[in-house]
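Structure first, commentary second.
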Amino acid sequence: TSNTSSSSSSSSFTKQEGLSVELDISFHKVFDIDVTRSVVDLVVWVRQEWHDPRLAWNPDDYGGLQRAWFWVGQGSGPGGETSEIWTPDLELWNMEESLSTSLTDAHAIVDPDGTVFWSRPGHIKPVCKFSGLDDFPFDSLQCTMEIGSWSYSGQYVRPVRANGVGYSLADSETAGEAFAEYTLVDLSTEDHVYPPFPGSPDDDWPVVFYHVIFARAWEPYVRGYLILQIVLNLAAFCCFWLPPHIGERMGLAITAMLAAVASELVVSANLPAASDVTWFAKFSIVSLLYAASTLFESAAVIYFYYHTGDDLIPGWYKGMVKRVCGGGKDDDDDHNDNSEDESTEERLDPDSDLLVKQNGKPTSSMLQEGNGSKNVSFSGIEADNGNHDNGSVKSRDMEFVGDEMKSSSASMKFQRQLSKSASTRKGIKAVLGRDADDYKNPKEMENNIRWQSVARRIDSFARVVFPASYGIFLAIALTGSVPSS
C-alpha cells in the first residue's frame with residue numbers, strides 16, 4: 001500500500017515558463033540496495049510526455065495517419081544519426097549511473113497534435129543519503145531521488161509530475177518482491193525549484209523529488225545473529241557453576257566472547273564504516289561486555305582458588321619496598337627463617353601416606369589426643385615440592401567441600417573433619433581439594449582456605465547479578481524495537 005503526499009515550492013519571482021515535461025515513473029522491483037555504498041538499484045519504467053508543435057500533422061494529409069514512431073538512441077535525441085527527433089535531457093541528479101545508459105533505448109510515439117510519449121524500461125540507480133539506518137536491523141530506509149534537466153533551466157524545460165502524482169506501482173505478474181531483503185513500502189513526490197545562480201538571475205532550476213521508503217526483512221538477522229548472541233551469553237553464564245579447577249571453564253568463556261566478536265564483524269561488513277552507531281552495534285557492544293566480564297570473572301575466581309599468599313600485594317612490590325625502606329635487613333631475617341623451616345621440614349611419605357619428618361620419623365605434633373578428639377597442628381603439614389605427581393594438581397573446588405565454611409561454627413566443623421583426615425595425603429586432598437604437597441608450608445594451606453572462600457563468594461554473586469542484569473538489558477533493548485509484523 002502506498003501513501004501519496006505532494007507539495008510544491010514556488011519561486012519568489014515570476015519568470016518565463018519553459019516546455020513542461022510530464023514525468024511518471026512506474027516502479028517494478030527493488031533490485032538491490034548497497035548500504036555500504038549508499039546506492040539503490042530499482043527496476044522501473046521511465047515515462048515522459050511533452051508537446052512538440054514541430055511534429056504535428058494533419059491526418060487527412062497523410063492518409064488518416066493517427067500515430068508515428070520515431071527512434072531515439074543513446075538516451076536522448078539531440079538529432080543526427082542516432083535519434084530521429086529531439087527529446088528533453090532529464091537526468092537523475094544524484095546518480096550512480098546516468099539514465100542514458102541504465103535505461104533501454106526505445107521509440108517515441110507521436111500523436112497528430114504533436115504530443116510525444118516516450119517510455120523506456122531499465123534501471124534507475126541513485127546515490128542516497130539514507131535515513132533510518134540507525135535502527136538496523138529493524139530499520140526502514142528512505143532515499144530521495146532528484147530528477148531534472150541537466151542542460152536547460154526552467155526557462156526552457158520544466159519537469160512536472162504527471163497527473164499531479166508522478167509515479168505508479170507496476171501491477172504486472174513479475175512486479176514486486178519475493179524472498180527479498182528489501183521491499184518498497186511507501187512513495188511520495190515533491191516539486192522543487194532551485195533559485196537562480198548569481199551569474200544567471202533569470203534561470204531557475206526546477207526538479208522533481210521522489211521520496212522512496214524501503215522496509216528491511218529483519219527476521220534473518222534475529223535468527224542468525226541476535227538469538228545466537230543471546231544463547232552464547234547465557235551459555236557463558238554457565239561458567240559460574242563450573243568448578244574453578246575445570247579447564248573447560250575458561251574455554252567456555254573465551255568461546256562466548258569470540259563468538260560475539262565474530263558476529264559483530266560479519267554484520268559490520270554489511271554496514272558503512274561510519275561514526276553513527278546503529279541499534280545492532282549497541283546490542284553487540286553490551287553483549288561483548290557481558291562475555292568479556294564472564295571471562296574476567298572466571299580468571300579472578302581461578303586466581304583466588306589457587307592463591308596461597310597472605311594478601312594480594314605482588315611480590316615484586318614487597319621486594320621493592322624492602323629494598324627502599326628496609327635496606328636489606330629483612331632479607332637476612334627471611335633467610336634465617338627459611339633455614340629454620342628447612343631444618344624442621346616435614347613431608348608426606350609416598351609409600352605409607354603418613355606425615356613423617358625428613359629423617360623418616362613420624363611426626364609427633366601432627367595428631368594430638370586431647371579430650372577424646374584429634375586436633376590438627378598445622379606446623380606439621382609441610383610438604384616437599386618434589387612429591388608432586390608429575391606436576392599436576394587434581395583437586396576439587398572448595399565450594400564442593402560444602403557451604404559449611406560460611407559461618408564460624410561451620411569452620412570449626414571443617415577443622416574437625418580436617419583433623420580426622422589430615423594424617424594421610426588422601427585425607428588432606430579429600431578435605432581441602434588439593435594434595436598436601438601443593439603447599440610450601442602450613443601457612444599457605446590456611447591462606448588458601450581463606451582465598452577459596454573469596455572465590456566462592458564471587459561466583460555466588462555472579463550467578464545472580466549477571467543473568468538478572470542481562471535479562472533486564474534484553475527487555476529494555478527489544479521492547480519497542482522489534483516490529484509487530
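Miscellaneous remarks
- Restricting region 187-201 to residues that are closer than 24 Å to Ile25 by Cα and of a type in the set (S, T, N, Q), the residue that is surrounded by the most Cβ atoms within 10 Å (Cβ to Cβ) is Thr189.
- Checking Leu265 against (1) surrounded by 13 or more Cβ atoms within 10 Å (Cβ to Cβ); (2) not in a loop (DSSP other than H, G, I, E, B), the condition it does not meet: (1)
- Residues within region 103-118 that are assigned to a strand (DSSP E or B) and open to solvent by 60 Å² or more (accessible area, probe 1.4 Å), tallied: 2
- Residue in region 252-261 that is of a type in the set (Gly, Ala, Ser) and outside any helix (DSSP H, G or I) present: no
- The residue pairs whose first member lies in region 175-186 and is touching a residue at least 40 places away in the same chain (Cβ under 8 Å), whose second member is open to solvent by 60 Å² or more (accessible area, probe 1.4 Å) and assigned to a strand (DSSP E or B), and whose beta carbons are closer than 8 Å, counting only pairs six or more residues apart or on different chains, are Ala175/Lys29; Ala175/Leu169; Gly176/Lys29; Glu177/Lys29; Leu184/Leu169; Val185/Ser140.
- Against the numbered list (1) under 33 Å from the mean Cα position of the chain (by Cα); (2) open to solvent by 30 Å² or more (accessible area, probe 1.4 Å); (3) over 16 Å from Ile124 (Cβ atoms); (4) of a type in the set (A, V, I, L, M), Leu184 comes up short only at (3).
- The requirement of being in a loop (DSSP other than H, G, I, E, B) and at pLDDT below 95 is satisfied by Ser153.
- Qualifying residue in region 202-219 (condition: closer than 25 Å to Phe138 by Cβ and assigned to a helix (DSSP H, G or I)): yes
- If the condition is being in contact (Cβ under 8 Å) with a residue 40 or more places away in the chain, part of a loop (DSSP other than H, G, I, E, B) and open to solvent by less than 70 Å² (accessible area, probe 1.4 Å), then region 270-292 contributes Leu271, Pro272, Thr278.
- Residues of region 159-185 that turn out to be aromatic (Phe, Trp, Tyr) and under 30 Å from Trp205 (Cα atoms), as a count: 1
- When the residues of region 233-249 are filtered to those that are more than 19 Å from Gly471 (Cα to Cα) and open to solvent by less than 50 Å² (accessible area, probe 1.4 Å), the one that is nearest to the chain's Cα centre (by Cα) is Arg249.
- Residues that are assigned to a loop (DSSP other than H, G, I, E, B) and surrounded by 17 or more Cβ atoms within 10 Å (Cβ to Cβ), drawn from region 36-51: Ser38
- Residue in region 417-469 that is nearest to Leu312 (Cα to Cα), counting only those that are among the hydroxyl-bearing types (Ser, Thr, Tyr) and either open to solvent by 20 Å² or more (accessible area, probe 1.4 Å) or modelled with pLDDT under 90 (or both): Tyr439
The values are calculated or read from the model by the stated rules, or taken from the named source; none is laboratory data. Quick caveat: nothing in here was measured; it's all calculated off a predicted structure. Neighbour counts run over all protein chains shown; Cβ positions are idealised from the backbone, glycine included. The protein model used for the area step is the full one, side chains on, heavy atoms only, and it has no ligands, DNA or RNA in it. Shrake-Rupley method; radii C 1.70, N 1.55, O 1.52, S 1.80 Å.
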